[in-house]
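Step one of this worksheet: look at the structure below.
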Amino acid sequence: MTRLAHHDARTLFERAWSHGVRSGAIGPARREALVAEATRGICRIADVLGTQALRDDLERAMRSLLGLVNLNLRKVSGGDVEAAARSLAERGLLFHTKGASTAIKRVLAIGHGMDPDAPHEAFRRRFEEAVVSEWAGLSFEEFAARERDAERIRRRRAAADELADTLDGEPPDETFEPEQVIMTALLIRAYGGPQPAWIAGTRGYETLLEAVREAPARLRRRPVGLPPAHAAAIVDVWAEQHEAVLAAIVDADAPVHQLVAGDPASNPLHGWLALPIDTLADLDELGERTTAHWQALTGGTTDEARLLWVMLQGVLALSGKAPLGVKAAETLLRGPLATPPEDGVIEAWLDANAPHAYHLGLLELWHDFWDERESALAPGASADALRQFAREWLPVRAATRG
């Protein structure tokens, strides 16, 4: 006859309580004290959830308390019923609710980028509500998984900070994930020369990525000389990410300038490295902060007619240098500039050639040109109308202006 295993569907708290009562570990006096303790805990939780004056809130609070006790009992006992019963008898219920609450608040603090041992006071109420309303209902497996993830994040943040300190200069700000800081630091250590330092400008990042393209094998070597206390966490990040980072950098179809300052939607390195943020502020500040590629295309100009001409040349493959002769501009308006190109081509061209911070303004200029051309120039427009329009929108030689 086959013996069937008995499955006990009760929670660990219920089994530990029954075991403690049967074994005498939880005697009548202790049982009464634990019930009184539970009542106090339920009232406190009800006030967080709503009010202890309402039955529904009290019932929710009771379920919450039992959930928190179960989480911490499992944590301290490893699921052993006898050890859980002994812990209940010796430490009480509120010890376990507080233990679970403290552990959960650490996870929440880490998730919000705070010191887990000293979370911001402003978040206290929000964390307390999350503990009793959401986390108390988790299975121990889900809670343990979230706790492990938070601990991994904490270790990686500490590793990123320590690794950042091994480079000269100003490290990236706290908006970047620790993995981004770690991978960027490893790139700089591998390709940044004898005195590697954090890169301040866009051109410096372009130079770094160009160096990676020339010698990609360096990043495949396991990093050495790491801060000993955090070497394991740093190597874990390198092992997880270096192949993907290399693949994005060495992809010949992606211009280097786009990998540094391209639109996040089309930049394959976005999210992998601590690249410059807000590299280019607006059209009045081209100067030194532009990428080398955009500088070469525009010559550093802020003149809208010349910027429009750069876009028209790039999208429509037009030849000729600005400023244009008035006759040449008129010919263009009758030919290649008679109808707008297909939708989407300007966006694709900007992604490959213009820093992301400029896209909105350049798109507006592009669409304004084509809208104005349609409304101002009817089919078969006169030469005078075409020339006047060209003088207003295109870089026409000054000598030809009226």
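Observations on the model:
- Judged by the mean number of other Cβ atoms found within 10 Å, the most tightly packed of the peptides 97-107, 118-128, 149-159 leads the ranking 97-107, 149-159, 118-128.
- The structure shown yields Kirkwood radius over Cα pairs in Å, and of the options [x] 27.0; [y] 29.2; [z] 26.2 that calculated value carries the label [x].
- For Glu374 and Arg397, the FRET efficiency from 1/(1 + (r/R0)^6), where r spans their Cβ atoms and R0 equals 22 Å, is about 0.30.
- P(r), alpha carbons of segment 158-261 - 5 Å bins starting at zero, rounded %: 2, 12, 25, 26, 22, 10, 2, 0
- Each of Ala100, Pro171, Ala89 was scored by the projection of its Cα onto the charge dipole of the chain, and the greatest displacement toward the positive side belongs to Ala89; charges sit on the C-beta of Lys, Arg, Asp and Glu.
- Given charges at Cβ of Lys, Arg, Asp, Glu: the chain dipole, positive-most of Trp198, Leu66, Val315: Leu66
- Label zone of Arg124 (point 7 Å out along Cα→Cβ, amide N under 20 Å): in segment 94-109 this covers 95, 97-109.
- Between His367 and Val345, the contour length at 0.36 nm per residue exceeds the alpha carbon distance by 6.7 nm.
- For the peptides 169-179, 265-275, the ranking by packing is 265-275, 169-179, with the highest mean count of neighbouring Cβ atoms within 10 Å listed first.
- Computed E for Ala252/Arg148 - FRET, C-beta separation, R0 56 angstrom, nearest 0.05: 0.90
- Taking a straight line from the alpha carbon of Lys75, these lysines sit under 19 Å away, with near neighbours fewer than eight places off in the same chain left out: Lys98, Lys105.
- Spin-label model distance (nm) - Thr331 vs Gln388, 7 Å beyond Cα toward Cβ: 2.4
- Sorting the segments 17-28, 250-261, 69-80 by their mean number of nearby beta carbons within 10 angstrom, highest to lowest, gives 69-80, 250-261, 17-28.
- Given R0 = 35 Å, the distance between the Cβ atoms of Leu316 and Glu210 translates into a calculated FRET efficiency of 0.75.
- Per-residue 3J(HN,Hα) values for segment 372-381, derived from phi via the Karplus relation 6.51 cos²θ - 1.76 cosθ + 1.60 with θ = phi - 60°, read 5, 4, 5, 7, 8, 10, 6, x, x, 4 Hz in sequence order (x marks Gly and Pro).
- Remark: the Cα gyration tensor places segment 362-402 in the oblate category, a/c being 1.5 or greater and a/b not exceeding b/c.
- For the pair Arg44 and Ala231, label points projected 7 Å from Cα toward Cβ lie 4.5 nm apart.
- Over 17 Å [Cα-Cα, segment 1-107], rounded percent: 56
Only the coordinates and a few stated rules stand behind these numbers; no lab work does. Keep in mind that this is a model prediction, so the values were computed, not measured. Using ideal geometry, Cβ is built from the backbone for each residue, glycine included, and neighbour counts are taken over all protein chains shown.
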